[in-house]
1. In segment 152-194, which strands (runs of 3 or more DSSP E) lie fully inside it and hold 2 or more residues that are surrounded by fewer than 18 Cβ atoms within 10 Å (Cβ to Cβ)?
2. Identify all residues within segment 75-132 that are surrounded by 13 or more Cβ atoms within 10 Å (Cβ to Cβ), part of a helix (DSSP H, G or I) and of a type in the set (S, T, N, Q); write none if there are none.
3. Scan segment 258-271 residue by residue and report those that are open to solvent by less than 30 Å² (accessible area, probe 1.4 Å) and part of a loop (DSSP other than H, G, I, E, B).
4. Tally the residues that are open to solvent by less than 60 Å² (accessible area, probe 1.4 Å) and either basic (Lys, Arg) or more than 16 Å from Pro61 (Cα to Cα) (or both), restricting the search to segment 272-282.
5. Run down Glu158, Glu199, Glu162 and say which single residue is modelled with pLDDT under 95, within 24 Å of Glu247 (Cβ to Cβ) and within 19 Å of the chain's Cα centre (by Cα).
6. Mind checking which residues of segment 224-249 are part of a strand (DSSP E or B) and over 19 Å from Ala42 (Cα atoms)?
7. Which members of segment 201-219 meet the condition of being free of Cβ contacts under 8 Å to residues at least 40 places away in the same chain, outside any loop (DSSP other than H, G, I, E, B) and not aliphatic (A, V, I, L, M)?
Amino acid sequence: MGWSTEQDGAAAQGGHGAEAAGAGPDEGVRARPPVALSPSRASDFMQCPLLYRFRVIDKLPEKPSAAATRGTVVHAVLERLFDAPAAERTAAGARAMVPGEWAKLLAKRPELAELFAGDADGERLATWLAEAEALVERWFSLEDPTRLEPADRELYVETVLESGLQLRGFIDRVDVAPTGEVRIVDYKTGKAPRPQFAEGALFQMKFYALVMWRLRGVVPRRLQLVYLGSGDVLTYDPGEADLRAVERKLLALWEAIRLATETGDWRPRPTKLCGWCDHQAHCPEFGGTPPVYPLEARPADAGGSPQGRMGAI
């Protein structure tokens, strides 16, 4: 196969699919210490250790999000579009796939119907679907699917570093050029971040690049974030030094998670994002009380808290 030869747009976007769509805890599953790290959960801990605890250890339910669910539908369309022959990968055909992918998702997760509770005339649902269709159509102005034959779509990757840390996640798309060069592509249904926040957006991609390097022995030639919300494309060409730095960061992050797990010391880190958090009722920053810690905890070692170790990250 070959990469598309069209220009790489300008910058990038935000939001992702399944993992962000508001899934609740697994019924009947007992709390257990974390055993692996994904880009989303790593970002959770860096944003707020208490949020990580609520999601990974307590498995507190979260309300479905219309934006995240729309992202899941859009991702499904862009994945399955490549099932069709190249000549049939049209914007009109992709738009027509949106209602069907929403129906499939709703069948798997009936609780998502609450997103449109009280929408008797279907007006809100129609608007939501039209927004998803517009995001799908915008993608055609950024990439040409008739000139792409992905090597992998929604690829699950998992590796264990020499340290024993297990890394895993799903990559939206992997392209492999005839020369063997690898490009990792991620679709974002939000808007591109401002330049000063681009490094945070690239963290996920460097995580995946590290995993692919460890799995296949080849450093990906290009990382590409496609932002459908703003029509931008952000690219980055990593080197081994970049990925070794990411590995060191992840090891320090995992050590902080390990210490917090052992001590039960999960401190909130207030930011502007707190206003959108589903767990305010359990957060001390909002006068709430976290659930009883479900794991055995021991006192922290003298010399500082688990979160105090995050200065190395």
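The values are calculated or read from the model by the stated rules, or taken from the named source; none is laboratory data. Keep in mind the model is a prediction, meaning the values are calculated, not measured. Using ideal geometry, Cβ is built from the backbone for each residue, glycine included, and neighbour counts are taken over all protein chains shown. All accessible areas refer to the heavy atoms of the entire protein, side chains included, with ligands and DNA or RNA removed. Shrake-Rupley method; radii C 1.70, N 1.55, O 1.52, S 1.80 Å.
1. 152-160, 166-176
2. none
3. Answer for segment 258-271, where residues must be open to solvent by less than 30 Å² (accessible area, probe 1.4 Å) and part of a loop (DSSP other than H, G, I, E, B): Gly264, Trp266.
4. Within segment 272-282, residues that are open to solvent by less than 60 Å² (accessible area, probe 1.4 Å) and either basic (Lys, Arg) or more than 16 Å from Pro61 (Cα to Cα) (or both) number 2.
5. When all the criteria are applied, what remains is Glu199.
6. Hits for segment 224-249 are Gln224, Val226, Tyr227, Asp232, Val233, Leu234, Thr235, Tyr236.
7. Trp213, Arg216 - these are the residues of segment 201-219 that are free of Cβ contacts under 8 Å to residues at least 40 places away in the same chain, outside any loop (DSSP other than H, G, I, E, B) and not aliphatic (A, V, I, L, M).
Rundown of residues vs (1) modelled with pLDDT of 95 or more; (2) buried (at least 18 other Cβ atoms within 10 Å of the Cβ); (3) out of contact with any Pro (no Cβ under 9 Å at 6 or more places or on another chain), yes/no style:
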residue	(1), (2), (3)
Gln224	yes, yes, yes
Val233	yes, yes, yes
Glu247	yes, yes, yes
Leu250	yes, yes, yes
Pro284	yes, no, no
Val292	yes, no, yes
Ala300	no, no, no
